[in-house]
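Working notes, structure below.
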Amino acid sequence: MRQIGVCLSPKVSLWFENLSSSLLLGLNLMEVDGGRILKVSSGAQSIPRHSRKHKAFYQFTQQSLPACKPVLTPAWVITTFLLMGVIFIPIGLITLHASENVVEIVDRYDTECVPEAFRSNKVAYIKDNSIPKNCSRYLKVYKHMKAPINIYYQLDNYFQNHRRYVKSKNDRQLLHGLGYNDTGSCKPEESNNGLPIVPCGLIAWSLFNDTYTLIRGRSELKVNRKNIAWKSDRDHKFGKSVYPFNFQNGTLMGGGKLHPRIPLSDQEDLIVWMRTAALPSFRKLYGRIEEDLNADDVVVVNVTNNYNTYSFGGKKKLILSTTGWLGGKNNFLGLACTSVGSSSIFISIVFLLLHMKNPRIL
Amino acid sequence: MRSGGRKRRLHFSKIYSFTCGRASLKEEHSQIGGPGFSRVVFCNEPDSFEAGIRNYADNYVSTTKYTLATFLPKSLFEQFRRVANFFFLVTGVLAFTPLAPYSAVSAIIPLIIIISATMVKEAIEDWRRKQQDIEVNNRKVKVHKGSGNFDYTEWKNLRVGDIVRVEKNEFFPTDLLLLSSSYEDAICYVETMNLDGETNLKLKQALEVTSPLQEDTSISNFHAMVKCEDPNANLYSFVGTMEFEKQQYPLSPQQLLLRDSKLRNTDYIYGVVIFTGVDTKVIQNSTPPPSKRSRVEKKMDQIIYVLFGVLFTLASVGSIFFGITTKDDINNGIMKRWYLKPDSSEIFYDPKRAPVAAIYHFLTALMLYNYLIPISLYVSIEIVKVLQSVFINQDIQMYYEEADKPAHARTSNLNEELGQVDTILSDKTGTLTCNSMEFIKCSVAGTAYGRGFTEVERSMGRRNGSPIHEAVTGGNDDTAPVKGFNFKDERIMNGNWVDEPHGDLIQKFFRLLAVCHTAIPEVDEVTGKVMYEAESPDEAAFVIAARELGFEFYKRTQTSISVRELDRTSGKKVDRLYTLLNVLEFNSSRKRMSVIVRNEEGKVLLLCKGADNVMFERLAKNGREFEEETKEHLNGYADAGLRTLILAYRELQEDEYREFNAKFIKAKNSISADRETLIDEVTDNVEKDLILLGATAVEDKLQNGVPDCIDKLAQAGIKIWVLTGDKMETAINIGFACSLLRQGMKQVMINLESPEIKVLEKEGDKDAITKASRARVLHQITKGKAQLTASSGGSEAYALIIDGKSLAYALEDDIKSLFLELAMGCASVICCRSSPKQKALVTRLVKSGTGKTTLAIGDGANDVGMLQEADIGIGISGVEGMQAVMSSDIAIAQFQYLERLLLVHGHWCYRRISSMICYFFYKNITFGLTIFLYEASASFSGQPAYNDWFLALYNVFFSSLPVVAMGVFDQDVSARFCLKFPLIYQEGVQNVLFSWRRIIGWMLNGLTSAVIIFFFCMKALQPYAFNQDGKTAGKDILGATMYTCIVWVVNLQMALAISYFTLIQHLFIWGSIAFWYIFMLAYGAMSPTFSTNAYKVFVETLAPAPSFWLITLLVPISALLPYFTYSSLWMRFFPLYHEMIQWIRYEGRSNDPEFCDMVRQRSLRPTTVGFTARLAARTNIIRR
């Protein structure tokens, strides 16, 4: 670097600075500082081919690479805030609109489905297998619902994200079945009566097992329970030739049972359940109704209320919901967008006023 | 060799009166052979059996930190000594237990990457040191190989007892015992700059018995045994005896040549190797370089401790909650959260042993929340600093072309400290000045001659915009410059002096310069030009000046001086011979030197030159004709920063001389203790009634650009102290020269030159002297302080000048704080005659007394202590000698580069590092807190929201590179503006950018971001369906979305925070974000056994969902909104200094001087030193 005889010519650099500053009059918001330019040879001789490269390297080592140096000028700031307002308010409104178009019916049934007699001791009720757990709920459709209508169950105060719970499964066993023996992570649900359990672990063991039958008028609404799990889960995480084995045979019953003749990859309610929820209050897809529901239709839901949420005080809800392009009926995004947008505009106005009132002294 | 032969005939020992009493060392020599004096050297027999059993160290010198064997354990130990690294090691090990919330591999790999990166850096640095060692150890020297043959060998191969031949201008490879030299009386001149920084040559003389060994062949049969003291660090003592031909001869420091000093003015010497390698005095003296850490880094440690505090708090809060919920899981035998099977759980979740579980969980939580502590912080900072150093080294504007020396940052861990320097302690010789003297002006017979301009005048002229100076200096191209001579005046030059009114006096004046000195001429055989070798550079300048003006001194014998001079009447060159009768030497108390010569006419002349204060009082009544004018000129010269001497002469009558000579010889030959005083008295009697001829002004040439540089530094608010070994007068002159002092500044002088102390010194009562001295120093300090307080608030500037002896008392424990207070109140401080140790002590005093950052700059080995003691040591590598450079932190070639080093690189590095650290904490707090917030909604069970590898790679890939780029490239203000507005430097001195306020501000910013990211993502995704298909978002989707938001937020925050966008920044910032998406794709495509819940997370779930894209648009912008609002408000209404400069640049008003001045004035305190201040002071006076 030093051998090439780099020298600075004050004239050239001055010229360059003038040039760059005059160029930059056009660019209002930023200034490019070219810094000093390398003069390879004196006079107006031809510049060697490598000079561009040399120049870049020289500028790099001298820390004078061309750069834009943004300054938060009032014009910049006000424009940015206005721009944010202009972008976010419409987005927010569109989003709100999308969410408003979604029709959602929520029905909490955990208390109502316990007979009056057992309301004081719900745990005993739910644990007693001899008591029938059937219960009917009447849902009134308040607005036309376009198919497909998703059926969800929602659990509250249920910690599917507890570390002990999340870890308590074995991915390889789910994929490869009994051939995979190392199921230490599934403790204490890894074996029963000396035989391994497939699928092992607490997650599978605590499978949600309330069932819903929906009836409109006199006919039963067909609930499609296929296609509710992610395709990648079905194809790559749950084995096609892995069948439940020794599952829920223990003394202590957990949640639902699995059909031993159906491979895990087809047990979609299990797959949905095993994709653990992020927060203690979560919804999971139960199935879909593939016909429209009209306003003022009454849907009777026959619930088998098997799942124990009473011991930890969790709620159970049944939800029927259509979806928009953004998903479910969630106003949050829309509200957040509009409020961010409007506060941006507010800030820009305040800033403008402050700027006008106080001339910069410096 | 002919000149050598001629020289050999001279016995210089006749010129110098050796003062060391060689015979009086009896009692010390009796210790030889005893403890501490056990070394035995068999000269010329290094291979003999006796020498073999002694097994003395070889001459290999190593400065490396590690060897191949110790590298791994030692550097690992160094690594894990850092609290943070140790913490990560512990958590890394814990990750292998079931406690870990993530997989062990993902936890340990970042640690391994980071530790190995640091180790690689260490290894490279040590390798560089090794290279340097190899260079030194492989220097060549001629060594006796037997039977009179000398051959070159490497330094490292020298052994004790070897006889070496060192040629002129070579360094001594080891400590040598001088045997003989090219001079007949076996003297040699030694330059000890590297050891003590003194520039005058030292004279060494061998024992008489060995002095005939002047030929290679005569060495072959030389055998002797030297017994001497053991290796020690005392440079000025040496005790030993030499047994030669059955006779014992005492040895003294006079015979010892020390390693790293240099042979001068002597063609060659022979010497015996006495101490080698680590045993040499120089190496014994060198202390291991103290490891220095910058203030910013120390504060960073504090922040890390704070974060550890936060981490432990969060972890304990989490554990307490976890303990409570876990205990609650079984209530009276009823399981609450039955799906967790609390009845049959291992200890970590066992409700029956909830406290223990909570304690275990505490460890888990520590591991989980350790993302609060940036693991990559240290290594990133180190990488950044190394790169910063590369830029410092590469800076072409700190490259000294003449010597091919770029700046060299030897340690990289002090870069940001360069931006915080409060006080500079500078050496003088070789640092501020180039230690070359130039004859520039003179005043003869009341007329001032010399039209040259000094550096000071030039820079003041530049400041004034006065065109005259430039025009005159521009016209000096007609003659090739002569080294040491910068005199221009057509009235005198080219023999024109003959026509001047006082032609006779001018003749006498230059004749005096040509005769009154101790220089040795050396005639170049080819050109016939005469060169001089003089003891000090000023003396050389005088002889050169005389030569250039037509009085060419060309030959010296023991008794005569020959001068070829222009005859006034005939106008021809004639040779004149002056018979040298006596030399009355210079010393610091006499402050003058004289020669007594007999000219060709037979007249005896006493020619004398000396300092003004001793000379004026010695003038005869009739010799004061031009006193007034001369004094006036002298003042002018002093103000221009010149060294001045008064020249005077006197004719002696024959009998008067005879009487003097008899007394003088008697005094010289006396052996009594008061020999010095006797000589002084005799000379005192003859050096009187002088006739004034005029005055000379020599410029102790400042290095290029020193006044400018000092001015800039002063404008930046940096205090400058000069610590020099020089005389007080010289130091003051230089103070004037570089504008540290100016006329009208109140000088507070502290010295011991009072009559009472002189009286006491004569009496020789040591206790009384000490007591009186201390009292005097204390008195002067308190008086100075009283003056200072009396005028506080006034515009008067004070300068403190203190000499070495007084400094010794001022640095005593009970006085030093008072002294420091006084010194801090003065605009400039000059310590003269200070020893290396005192320099270090003063540095320590300033460093610990004020608590501010100190920078020491020096070039000689005498500055080593100071360089090591200061927060930053800067070595000047321009001159020979590597001692200072080797112990410095950064080496530059010229003092003037300090300006750029501090104001540009220092400021940048400080800003970069401090912003970088703040940003680091910001990004990790943002990330760590989202984890914690998620924990709060997972009943603190220790389940991270993110996939293991997301966690592990956050600090390594997705957020580090932009920070590194910021640390290396960011510039708040370009170099040009840094120099134009030096006050910006105060941001570093006052630590504005790394104040707790700012740090906490960034942390709060992190907190805000984390809260916004977490709640927005949570609310937007849960519990509703998040895509058109009606699927709900699980942990995987929430985690990936949140993580995406974090990557965007921290990178965009970076984009907002930096003020210098080059392609590199764009590449790293957008690259990091892009890399996250690429990583998601790649990782998601791996088999689910490896990618677990991140399998196809992007392709299948996130990318098709519009809500994901909307969230990643909304959340980052909302998270950045608070920062953006805050910073735009502050930028507009309360700009910091660098922001003001950004305004100026942005508005293109940098060429509007009034406007710039206004900015400069803002919060500017008036500068008190530098020529800007000098100009200001001058204009003030005019105004009055």
So how far apart, in nm, are the two label points at B:S1127 and B:T557 if each is 7 Å from Cα heading toward Cβ? 8.3 nm
Assuming 0.36 nm per residue, please report the length gained on full extension of the stretch B:S995 to B:A620 beyond their Cα-Cα distance. 128.3 nm
The answer for the longest stretch of chain B without any exposed chymotrypsin sites (Phe, Trp or Tyr not before Pro) (DSSP loop, at most 11 further Cβ atoms within 10 Å) is B:237-1184
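Run through the range B:857-962 and list the GluC sites (Glu not before Pro) located in a DSSP loop whose Cβ has at most 16 other Cβ atoms within 10 Å.
Numbers: sites: B:E869, B:E880, B:E899, B:E935; in loops: B:E880.
Filter output for the range B:857-962: B:E880.
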Cross-link pairs B:K145/B:K227; A:K187/B:K1096; B:K227/B:K762; A:K169/A:K226; B:K441/B:K668; B:K712/B:K923 - those with Cα-Cα distance over 31 Å: B:K227/B:K762; B:K441/B:K668; B:K712/B:K923
When you take every Cα atom in chain B, what is the radius of gyration, and what is Dmax, the widest Cα pair distance, in Å? 37.3, 131
Paramagnetic reach from A:C135 in the range A:312-339 [backbone N under 15 Å; point 7 Å along Cα→Cβ]: A:312-319
Which whole-Hz ³J(HN,Hα) couplings does the range B:490-497 yield from phi under the Karplus relation 6.51 cos²θ - 1.76 cosθ + 1.60, θ = phi - 60°, glycine and proline marked x? 5, 5, 10, 6, 6, x, 5, 4
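Determine the relative contact order of chain B: mean sequence separation of Cα pairs under 8 Å and six or more apart, normalised by residue count, in whole percent. Walk me through the intermediate numbers first.
Working: 2140 pairs, mean separation 134.8, N = 1184.
It rounds to 11 percent for chain B.
Hey, with R₀ at 35 Å, roughly what FRET efficiency would B:E601 and B:K666 work out to, going by the Cβ-Cβ distance, to 0.05? Before the final figure, lay out the partial values.
Details: r = 29 Å, r/R0 = 0.82.
So, using R0 = 35 Å, E works out to roughly 0.75.
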For the range B:211-281, what's the relative contact order in percent, using C-alpha pairs closer than 8 Å and at least 6 residues apart? 28 percent
Taking a crude spin-label model, label points 7 Å out from Cα along the C-beta direction, the A:S241 to B:T217 distance in nm is 10.2 nm
How far apart, in nm, are two points set 7 Å out from the Cα along the Cα-to-Cβ line at B:T850 and at A:R108? 7.0 nm
Difference of contour (0.36 nm per residue) and Cα-Cα distance, B:E522 to B:K758: 80.7 nm
Quick one: which residues, 5 or more positions from A:K143 or on another chain, have an amide H under 5 Å from its amide H? H modelled 1.01 Å from N in the peptide plane, none for Pro or chain starts. A:D296
Cleavage-rule hits, trypsin sites (Lys or Arg not before Pro), the range B:882-965, DSSP coil, Cβ neighbours within 10 Å at most 11: none
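At most 15 other Cβ atoms within 10 Å and a DSSP loop assignment: could you name the chymotrypsin sites (Phe, Trp or Tyr not before Pro) in the range A:63-129 that fit?
none
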When a/c reaches 1.5 or more, the comparison of a/b and b/c decides; with that in mind, is the range B:904-1135 rounded, prolate or oblate per its Cα gyration tensor? prolate
To the nearest whole percent, what portion of all C-alpha pairs in the protein assembly as shown is separated by more than 57 angstrom? 42 percent
In peptide A:164-175, what is the residue-averaged number of other protein chain Cβ atoms found within 10 Å of each Cβ? 4
If unit charges are put on Cβ atoms (+1 for Lys and Arg, -1 for Asp and Glu) and the dipole of the protein assembly as shown is taken about its Cα centre, the option from B:T64, B:L1004, B:I876 lying farthest towards the positive end turns out to be B:L1004
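Using a probe of 1.4 angstrom, how much of the accessible area of the range B:139-285 is carbon and sulfur, in percent?
44 percent
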Starting from the Cα-Cα distance between B:I109 and B:L1067, subtract it from 0.36 nm times their residue separation and give me the gain in nm to one decimal. 342.3 nm
Less than 20 Å apart at the alpha-carbon level, and either on another chain or at least 8 residues along: which aspartates and glutamates does that give for B:K663? B:E585, B:E651, B:E654, B:D655, B:D674, B:E676, B:D680, B:E681, B:D684, B:E687, B:D689
Report, in order of residue number, the helices in chain B meeting two criteria: a C-alpha extent of 27 Å or more along the helix axis, and a mean Kyte-Doolittle hydropathy of at least 0.0; treat each whole DSSP H run as one helix. B:104-137, B:295-328, B:907-936, B:996-1021, B:1035-1057, B:1063-1085, B:1106-1133
Averaging sequence separations of C-alpha pairs under 8 Å and six or more residues apart, then dividing by the length of the range B:904-1135, give the relative contact order as a whole percent. 27 percent
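So with the 1.4 Å probe, I'd like the accessible area per residue for the protein assembly as shown, rounded to whole Å².
Working: 63230 Å² over 1546 residues.
It amounts to 41 Å² per residue over the protein assembly as shown.
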Residues whose modelled amide H sits under 5 Å from the amide H of B:L619, counting only those 5 or more places away in sequence or on another chain, are B:L690
Eligible aspartates and glutamates near B:K292 by straight Cα distance, threshold 15 Å, same-chain separation 8 or greater: B:E78, B:D301, B:E382, B:E416, B:E417, B:E869, B:D871, B:D889
Rounded to the nearest 500, what is the 222 nm mean residue ellipticity of chain B from helices alone, with -39500 (n - 2.57) per DSSP H run of 4+ residues and division by all residues? -14000 deg cm²/dmol
Residues whose placed amide H lies under 5 Å from that of B:F275, excluding near-sequence neighbours: B:D175
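The values are calculated or read from the model by the stated rules, or taken from the named source; none is laboratory data. Bear in mind that the values here come from a model prediction, so they are computed numbers and not experimental data. Note that each Cβ is placed from the backbone with ideal geometry, even for glycine, and that neighbours are counted across all protein chains shown. Side chains included, ligands, DNA and RNA excluded: accessible areas come from the protein's heavy atoms. Shrake-Rupley method; radii C 1.70, N 1.55, O 1.52, S 1.80 Å.
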